[in-house]
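S.K.: First the structure, then my questions, so here it is.
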Amino acid sequence: MKVFILAGGLGTRIRPLFPDKPKAIIPVRGKPFLEHQLQLLMGHGFRHFVFCLGYMAEQIIHYFGDGAKWGVKIEYSVEESPLGTAGALRFAATFFQETSLILNGDTYLEADYRALIAYHEEQAKYNGAIGTLALVKVEDTARYGRVVVDKKGRVIEFQEKAPSLHKAGLINAGVYVFEPYILNYIPYGQSVSLEKETFPALLAAGEKLYGFPVKGTFVDIGTPEGYYALERLLQ
């Protein structure tokens with residue numbers, strides 16, 4: 001199964017710490033973050049990656065090349081202007097021809113990826129799922145927004161970040177399994193967010209998204225707080 005890593009963002013929240021690097025390769029314990037992410041995924045058996053890049057893409061391409069150094073295959077989709085998480089995936093449509101794993105390029109999630117994929121494949125086969133989101137439970141969802149699922153695991157609502165969400169709940173961990181059909185809901189060449197636009201549009205259209213709660217360490221390195229948390233985790 002191909003793994004798409006969405007790493008084209010500007011990284012504005014973390015840029016004050018690393019103004020000359022794209023977010024995906026800021027150093028964590030002496031190695032680029034994306035290398036930690038790559039090795040985590042390799043540990044689960046993945047060997048074929050598509051890096052969806054934009055801002056300072058040349059630095060990432062220069063470092064990783066074709067992936068031979070790590071014994072994997074890496075291909076690239078490079079946008080000329082920021083397209084957002086959904087727009088970047090739509091731009092990479094030529095690579096996306098079958099069920100695939102998609103990760104945000106600032107997400108570090110230690111979880112059972114094979115169990116996530118197996119769950120999605122079951123939901124796709126028997127219930128027509130177009131996608132499955134890895135969900136993690138946190139004590140305070142206000143910073144992230146909340147994902148609400150029904151008793152069968154189907155996503156029924158996305159609640160935006162708000163002070164009223166200062167309570168425990170499930171959040172989107174930035175890791176997904178998608179069917180290629182999802183691209184029909186993403187316009188080509190436009191900046192579109194999976195989280196803010198595509199997912200709500202899918203629910204409004206009656207498409208089936210499922211949530212799969214996972215147990216494992218979740219870190220968003222898009223903020224200084226997240227970056228330092230991962231530094232502590234990987235020591």
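The values are calculated or read from the model by the stated rules, or taken from the named source; none is laboratory data. Remember, predicted model here, so these are calculated numbers, not experimental data. In this analysis, Cβ positions are derived from the backbone assuming ideal geometry, glycine residues included, and neighbour counts consider all displayed protein chains. These accessible areas exclude ligands, DNA and RNA; they are computed on the full protein's heavy atoms, side chains included. Shrake-Rupley method; radii C 1.70, N 1.55, O 1.52, S 1.80 Å.
S.K.: Which members of region 148-178 meet the condition of being of a type in the set (A, V, I, L, M), within 19 Å of Tyr108 (Cα to Cα) and in contact (Cβ under 8 Å) with a residue 60 or more places away in the chain?
M.R.: Ala173, Val175, Val177
S.K.: Kindly indicate which of Leu101, Leu116 is surrounded by 13 or more Cβ atoms within 10 Å (Cβ to Cβ), within 14 Å of the chain's Cα centre (by Cα), among the hydrophobic types (A, V, I, L, M, F, W, C) and not in a helix (DSSP H, G or I).
M.R.: Leu101
S.K.: If we keep just the residues of region 131-140 that are part of a strand (DSSP E or B) and open to solvent by 10 Å² or more (accessible area, probe 1.4 Å), which is modelled with the highest pLDDT?
M.R.: Lys137
S.K.: Now for a different question. Out of Arg90, Arg143, which single residue is closer than 15 Å to Ile182 by Cβ and open to solvent by 50 Å² or more (accessible area, probe 1.4 Å)?
M.R.: Residue meeting the stated conditions: Arg90.
S.K.: Let me ask something else. Filter region 146-187 down to the residues that are touching a helix residue (DSSP H, G or I) at 6+ places or on another chain (Cβ under 9 Å) and assigned to a loop (DSSP other than H, G, I, E, B), then identify the one that is most open to solvent (accessible area, probe 1.4 Å).
M.R.: Lys152
S.K.: Looking at region 119-130, which of its residues are exposed (fewer than 13 other Cβ atoms within 10 Å of the Cβ) and charged (D, E, K, R)?
M.R.: Matches in region 119-130: Lys125 only.
S.K.: Something else: I want to confirm something. Restricting to region 206-235 and keeping residues that are part of a helix (DSSP H, G or I) and not hydrophobic (A, V, I, L, M, F, W, C), which single residue is nearest to Lys125 (Cα to Cα)?
M.R.: Gly226
S.K.: Just checking, which of Thr132, Thr198, Thr141 is touching a helix residue (DSSP H, G or I) at 6+ places or on another chain (Cβ under 7 Å), farther than 27 Å from Leu53 by Cα and of a type in the set (Val, Ile, Thr)?
M.R.: After applying the criteria, what remains is Thr141.
S.K.: Right, here's the next one. Go through region 188-205 residue by residue and tally those that are buried (at least 18 other Cβ atoms within 10 Å of the Cβ), hydrophobic (A, V, I, L, M, F, W, C) and outside any loop (DSSP other than H, G, I, E, B).
M.R.: Residues in region 188-205 being buried (at least 18 other Cβ atoms within 10 Å of the Cβ), hydrophobic (A, V, I, L, M, F, W, C) and outside any loop (DSSP other than H, G, I, E, B): 3 in total.
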